[in-house]
Structures are given as C-alpha cells and as structure tokens.
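> Mind having a look at this structure? Questions to follow.
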Amino acid sequence: MISTLSNISLKKALLLFIVCGFLLYGNTLTHEFALDDAIVITQNDFTKEGFSGIWKQLSNDQFVGFYGQKKELVSGGRYRPLSMVMFNIEYEFFELNPTFYHLMNVLWYIFNGFLLYYALKLLFQNQLSKNYRLLPILAALFWFFHPVHTEVVANIKGRDEIMAFSLLLIALIFFIKYLSNQKAIYLFALVGFYFLSLLAKENAITWLAIFPLVVYFFRNKYWKKSISPLALLLLTAVVWFYIRYSVVGGGISNVADNLMNDPFLESTIAEKYATIVFTLGKYLQLLFFPHPLTFDYYPKHIPIVGWANPWVLLSLLTYIALIVISIRGIINKKLYAFAILLFGITLSIASNLLFPIGAFMNERFIYVSSLGFTLILSYYLLKFAPLFVENKSKTNSAIVISTIIILSLYSLKTISRNPVWKNNFTLATNDAFISKNGAKSNVMAGGQLLEKAQEATNFREKNELLERSIYHLSRAVEIYPEYVDALLLMGNAQWEFYQDASKAMPYYQRILSINAENENAWKNIDVILRQNKNVDYNIQAYSQLINYNPAREKNYLYLGRLYGQQKNDLNKALDIFQQGLKIAPNSYELLSNMGTVYGLQGNYASAVEVLEQAAKIQPNVAKVHIDLGLSYYYLGQLEKAKTEFDQAKQLDASINRSQFPI
C-alpha cells in the first residue's frame, strides 16, 4: 500500500479524490440553502438575474445585490466577484435548485484536493528523502478529510474559499513549472490564475509572501529566475487592488456599531489582543481536535478575556515557541518551518491582528492555513514511525494503520457534521446547544422555531415550538441585551404565544430605546396593537410611543383613530390629529381623518378646509372626493358637491354614483 500511494499516478489520484469526496460530502447533496447562502444566492437580486446580472456582480460590493444599496458593514468592504459570477451562471440554468449548487461545491472540493496533491508532488520533487515519499499524498489526504472544512463545503457560500485556494494551487503549479522551464505560457498562466484567485477571495493576497518562500525553501537555485514572475505577481496584485478600490473603495476602518459586527466593541485594547491570542489558540485546538464544531464563534461563545487567562497564556507561549522553532528552521530550510510560516501567513489576514474582520473567528478562516498543520502531521508521522518499530515492514504497517485511524476519525466527524448544515433550522437548533453562550446561534434558533410555530396547525405543537423559541431568544437577550434582532423576534414570539400586546411591547420598546427609528419594530408594534382587543392599553401604548419618536406621524394617526373610532371622543381625536399636523403638515392621512372628524361634528366648513388640502396631496384617491362632496352638500354648495362626486366616480368605476344625494 505504501508503494502504491507513494507512486500513485495523477489519474488514480484524481479517482481517489473523487471517491473520497463523495464519501465525505455525498450526504450534502440533499441539503437546502443555509446561513449566508441568502446573501449570495437566494436573496441576492443580482444573482437572480442570471447572465444579465454578471456585470453588476463585477462592478459592485458583494453585499449590494442583497441589501439593494452599498452598506459599510465590514472594514474595507467585500469584493469577491468570481464566485458570485459562478452563482449567476448556475442560477441561469438551475435557478434555486440547491442540489446542483451543493454538487458544484463537492466537485470543486474534489478538484481542490487533487490540485493540492499535484502541487505538493511538484513542490517536493527531488526535495525529499526516500522515507518521505508519501508526504505529498498524506498531507493532501489529511487536509482533504479534515472536519474543519465542513463549513466551507457544506455551506454553498464557501465556494469563494474553495475557488480561491484551487486557483492559487494552479498558479503555484505554473510557478514551479516556470522556474524549471521558462516558457512564456507558464508565466501568463501564473499571472492569470493568481489574478482570478484574488477575484475569488481577498485572502489570496497573502500568497505574495508564500511564493518567495517556495523559492527559498525548495527552489533556491532558481532564485534569479524567480525575480520576474515574483515581480509580475506583485504587479498583478497592484492591478487587482486598483480595480477593487475603484469598485468598493479602500481603507481599513471599524465601521460596525454593534457587537455582532464588531465583537471587540465592549473590550479594552488589552482585552482585545488577549482575546485574539485566545482565538489563535482555539484554531490550533480545532486542528488537533476538531470537536465540537459550530458556525457560531460570535459573542459570547468566544468570551472577552484578559492576559491573566491561562488559555491565553498557553496560546501565547505556543505561538512564541512556533516562531522560535520556525526561525531556527528557516536558517536550515526545514519543511516544518515552511509549514509554520504557511499557517501563520495565510491565517494573518483573518486573525484580527492586522485589521478588524467583523468576527472573532470561523472555521472557514483556516481552510488554507490547515495545510500547514497537515504538512507537519504528515512529516512527523513519517519521521517518528520508524523510531517505534523494529523493521521496515512494521514501519510501513505503522504508517498505514496510523493513516487509516486518522482518516477514519476525520471521516466520522465530517460525515456526522454535514447533516447539521441541511438548512437553517437544523443548523441553528443544533449549534445553539454547542455555542450555549452564542447570541447569534440562539437568536437564529429562536427565529427558526418561531417560523415553524407560525406554520403549525396543531395547537399543542405550536405551543411547544413557541416555548422552545422563547427559550433561545431569552438566552440571546440575556447574552446580549442590546441585540436588536433578538428583541424583535422575542416580541414576535411573545405575541404569538400569549396574544397579549403587553407581553410583546416591552421588547419593542427596548429596541426603540436603542434606535427610535427602527422600522421593523414600528411595523410590528402597529400590527399587534391593531390586533390587540384592549383599547385602553392600545391608547396608553401609543401615548407612550409618541415620546420615543415624536416625529412619527403614524403614532398620532393611530392614536387619534383609537379615540375617535373606539372611544367616540371626537374632540380628543381632533386634538391628537392637530398635534400630528404640527409635525407633518402635509400628511394626507392626518388631514383626511381630521376631515372625517369635523364632518361627524357637523363642522363642515372646517372639514372642507382640511379635505381640500388632502385632495391636493392625494388627488387620485376617490374617498377624499366623496368626503369633500358630502361636506360641500351639507354646506349647500351643490355644484361643488356634484363635481366632487363625479370626480370620485371617474377615479373608481366601481362606485355607485346614484348613492350620493346629488
């Protein structure tokens, strides 16, 4: 088996990765869209334009197609058009059929694994002793099977990671080929594929440091020949940066104003960097022991910690040791030094050390970096196996058995983790119990359970789902009291469960205390108060709500209607409408309702005055002409009344003209 693997042909290697790829990720083909798939596919207007939306993807920030406008949500913006263009092409043929998108992810991942093996085989060609012939295939397989990649492969949005790394590996292959044979085609291919990798994801920029390391560690005799391609790679990066800057702008800044987009918002500088060191240690833990896995590494699953925290100190000491070891290895051009540098350099861009990325950490951030780990794992497996056995035959057996054990454990974890990514419901309700202190997973679980409850027809099932929803939303609010999404959903869940506005309103009011113009909170408030049967409570609520946002005209409108329609207190209704008109003097709704009140009071002259103003604002609404016609009629101005009734009939053909007195 050792001989077979070490001398495996490219065709057989490709077949091996195909079989292993479907073995590991075949169970994702029945999955739905989940998590950030909404941003890049299902709710992205540009993606759903198919071919005609491709230019929009190329000429806009990645979030514009989702939000409908450019938003400063993350530092430096996001420009990853290549995967977005792929989604446009796939949508053109398959629309929102998730099976095909998942199949493409699996195929790209298989291609990625095969390219990794081929690149490592070229890289280590004539560089390793006989005992390390297995290193390229072992490192590629360990990387391919590692469970930390489930987020990237099982979540369609992870395509950007897969494409970027695949294109980088192709660029690396042509780089190596060019060093030994200076063909122009290799140079053009190197530049082209590196440019495409940058368009796939910005983290490809870190490979400007990796390519020179490849020369230093493995092709040092070609260092003079490497100058031209390295200079062209730098120039390519400059061109890419110019294009990116032209599209999304530049600059590194902290644009977030809430804890979910800036997890360090409530921390001191010392706590920020201590927490970053903590997360760097967490990455190492996930590589050595990938359990448990979760999509939620947001506040406060990852806690804000200080330098006295023992895990921070352990992480710090570990990285210091890695730096010292790598320095010693650099001098002697050791493989482990290259692996450590590869790990550190490719992770740096997502570490929060250089600039804020809007999250503590994520498993996808070590998609490329994990190669450094698997290189070291493979190297030391091959190095130490002979030390524990007596002869070559047993050494080979030890290597095979160790490899089978590692790949089997990785497979079990990967295959069992994949079903969690089936859809938002399975993902959220599973990971909320892993990230028990994670506000993001708890609010997502609460929201998904609430949606299920709203769809349920069985009363008992509905209440059970609502109770579970309220549990998770309570956790989210407890973890992060200013979490607007959690407060909004909690208000909704309270209303669904109790059908009592007094249970839901406190959560909406907390949102208004944070942002008095939050449209979602106001929309939900209006809905539940319209359905709430307690008129006195509704009047009290709107009276208080005016204090949150005195400039919101609907508060005066609904409060006035409550006094007029429910309490028959026309004078109070009139007073409320007049207060509203001081804020919004051109409000059609306030003017027309005030006209109705004047009409009910028999004050037709005042009714005409305000209704004429309303008709100027909304001349094509039949009702205002009817009310105006009636007011003119009771004032004895019959010609004007007839004109208004005729106008109403012209605007609404369904009106029975004979119902009017003239």
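> Which ones in region 539-556 are crowded, with 17+ Cβ neighbours inside 10 Å and either in contact (Cβ under 8 Å) with a residue 60 or more places away in the chain or over 17 Å from residue 517 (Cα atoms) (or both)?
Correct list: 539 only.
> Evaluate the following for residue 61: is it crowded, with 21+ Cβ neighbours inside 10 Å, within 17 Å of the chain's Cα centre (by Cα) and not small (Gly, Ala, Ser)?
The answer is yes for residue 61.
Yes/no matrix, rows are residues, columns are (1) of a type in the set (Lys, Arg); (2) under 22 Å from residue 13 (Cβ atoms):
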position: 143; (1), (2): no, yes
position: 157; (1), (2): yes, no
position: 160; (1), (2): no, no
position: 165; (1), (2): no, yes
position: 170; (1), (2): no, yes
position: 180; (1), (2): no, yes
position: 195; (1), (2): no, no
position: 200; (1), (2): no, no
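> If you take the residues in region 172-194 that are free of Cβ contacts under 8 Å to residues at least 40 places away in the same chain and assigned to a helix (DSSP H, G or I), which one is farthest from the chain's Cα centre (by Cα)?
Going through region 172-194, the residues free of Cβ contacts under 8 Å to residues at least 40 places away in the same chain turn out to be 174, 181, 183-186, 188-189, 192-193.
The next check asks that each one be assigned to a helix (DSSP H, G or I); those that pass are 174, 184-186, 188-189, 192-193.
Details: 174: 34, 184: 41, 185: 38, 186: 37, 188: 35, 189: 32, 192: 29, 193: 27 Å.
Looking at residues that are free of Cβ contacts under 8 Å to residues at least 40 places away in the same chain and assigned to a helix (DSSP H, G or I), I get 184.
Each row is one residue, and each column tells you yes or no for (1) at pLDDT 95 or above; (2) closer than 23 Å to residue 547 by Cα; (3) among the polar types (S, T, N, Q).
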site	(1), (2), (3)
464	yes, no, no
468	yes, no, no
492	yes, yes, yes
510	yes, yes, no
525	yes, yes, no
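So that you can scan it fast, the table gives a plain yes or no per residue for (1) in a helix (DSSP H, G or I); (2) surrounded by 21 or more Cβ atoms within 10 Å (Cβ to Cβ); (3) touching a helix residue (DSSP H, G or I) at 6+ places or on another chain (Cβ under 6 Å):
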residue	(1), (2), (3)
468	yes, no, yes
471	yes, no, no
474	yes, no, no
478	yes, no, no
486	yes, yes, yes
489	yes, yes, yes
493	yes, yes, yes
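> A follow-up question, please. Mind listing whichever residues of region 143-177 are over 20 Å from residue 87 (Cβ atoms), buried (at least 24 other Cβ atoms within 10 Å of the Cβ) and β-branched (Val, Ile, Thr)?
Within region 143-177, 148, 150 qualify.
> Got a number for residues in region 417-449 being touching a Leu at 6+ places or on another chain (Cβ under 9 Å) and of a type outside the set (Ser, Thr, Tyr)?
Total satisfying the criteria: 19.
> In region 434-448, which residues are within 12 Å of residue 476 (Cα to Cα) and not small (Gly, Ala, Ser)? Lay out the reasoning, then the answer.
Step one: of region 434-448, the residues within 12 Å of residue 476 (Cα to Cα) are 435-447.
Within region 434-448, 436, 437, 440, 442, 443, 444 meet the criteria.
> Now for a separate question. Return the total of residues in region 271-292 being aromatic (Phe, Trp, Tyr), touching a helix residue (DSSP H, G or I) at 6+ places or on another chain (Cβ under 9 Å) and closer than 17 Å to residue 149 by Cα.
First, the residues of region 271-292 that are aromatic (Phe, Trp, Tyr): 273, 278, 283, 288-289.
From the residues that got through so far, the ones that are touching a helix residue (DSSP H, G or I) at 6+ places or on another chain (Cβ under 9 Å) too are 278, 283, 288.
Remaining after also requiring closer than 17 Å to residue 149 by Cα: 283, 288.
Final tally of qualifying residues: 2.
> Taking the options 633, 542, name whichever one is part of a helix (DSSP H, G or I), in contact with a helix residue (DSSP H, G or I) (Cβ under 7 Å, 6 or more places away or on another chain) and within 26 Å of residue 657 (Cβ to Cβ). I'd like the intermediate steps shown before the answer.
Details: 542 fails: within 26 Å of residue 657 (Cβ to Cβ).
It is 633.
> What residue, of 228, 197, is within 26 Å of the chain's Cα centre (by Cα) and part of a helix (DSSP H, G or I)?
None of the other options fit; the residue is 197.
> Answer yes or no as to whether residue 503 is at pLDDT below 95 and more than 29 Å from the chain's Cα centre (by Cα).
no
> Quick one: would you say residue 460 is buried (at least 20 other Cβ atoms within 10 Å of the Cβ), at pLDDT 95 or above and not β-branched (Val, Ile, Thr)?
Here the answer is no, as residue 460 does not meet what is asked.
> Could you run through region 644-662 and say how many residues are under 54 Å from the mean Cα position of the chain (by Cα), in a helix (DSSP H, G or I) and over 20 Å from residue 608 (Cα atoms)?
1
> Go through region 495-509 and count every residue that is assigned to a helix (DSSP H, G or I) and either surrounded by fewer than 19 Cβ atoms within 10 Å (Cβ to Cβ) or among the β-branched types (Val, Ile, Thr) (or both).
Selection size over region 495-509: 5.
> From the list 96, 103, pick out the single residue that is outside any helix (DSSP H, G or I) and within 18 Å of residue 33 (Cβ to Cβ). Please lay out each step first, then the result.
Working: 103 fails: outside any helix (DSSP H, G or I).
Result: 96 is the single residue among 96, 103 that is outside any helix (DSSP H, G or I) and within 18 Å of residue 33 (Cβ to Cβ).
> Scan region 340-362 and give yes if some residue there is of a type in the set (Val, Ile, Thr), at pLDDT 95 or above, under 19 Å from residue 148 (Cβ atoms) and in a loop (DSSP other than H, G, I, E, B), otherwise no.
Yes: region 340-362 contains one or more residues that are of a type in the set (Val, Ile, Thr), at pLDDT 95 or above, under 19 Å from residue 148 (Cβ atoms) and in a loop (DSSP other than H, G, I, E, B).
> Consider residue 114 carefully, then state whether it is in a helix (DSSP H, G or I) and of a type outside the set (S, T, N, Q). First the steps, then the outcome.
Details: in a helix (DSSP H, G or I): yes; of a type outside the set (S, T, N, Q): yes.
It is true that residue 114 is in a helix (DSSP H, G or I) and of a type outside the set (S, T, N, Q).
> Follow-up. Considering only residues that are at positive phi and at pLDDT 95 or above, which ones fall in region 60-99?
Correct list: 95 only.
> Take region 398-423 and flag every residue that is without any contact (Cβ under 8 Å) to a residue 40 or more places away in the chain and of a type in the set (S, T, N, Q).
402, 408, 416
> Could you please find all residues in region 281-318 being farther than 22 Å from residue 139 by Cβ and in a helix (DSSP H, G or I)?
Answer for region 281-318, where residues must be farther than 22 Å from residue 139 by Cβ and in a helix (DSSP H, G or I): 281, 282, 310, 311, 312, 313, 314, 315, 316, 317.
> How many residues, within region 510-532, are assigned to a loop (DSSP other than H, G, I, E, B) and among the small types (Gly, Ala, Ser)? Before the answer, list the steps.
First pass over region 510-532, keeping only residues assigned to a loop (DSSP other than H, G, I, E, B): 515-518, 532.
Keeping just the survivors that are among the small types (Gly, Ala, Ser) gives 516.
Residues flagged as assigned to a loop (DSSP other than H, G, I, E, B) and among the small types (Gly, Ala, Ser) within region 510-532 amount to 1.
> Moving on to the next point. Only residues that are among the small types (Gly, Ala, Ser) and crowded, with 21+ Cβ neighbours inside 10 Å: list them for region 188-226, please.
197, 200, 204
The values are calculated or read from the model by the stated rules, or taken from the named source; none is laboratory data. Everything numeric here is computed off the predicted structure, so don't read it as measured data. Positions of Cβ are backbone-derived with ideal geometry, glycine not excepted, and every protein chain shown enters the neighbour counts.
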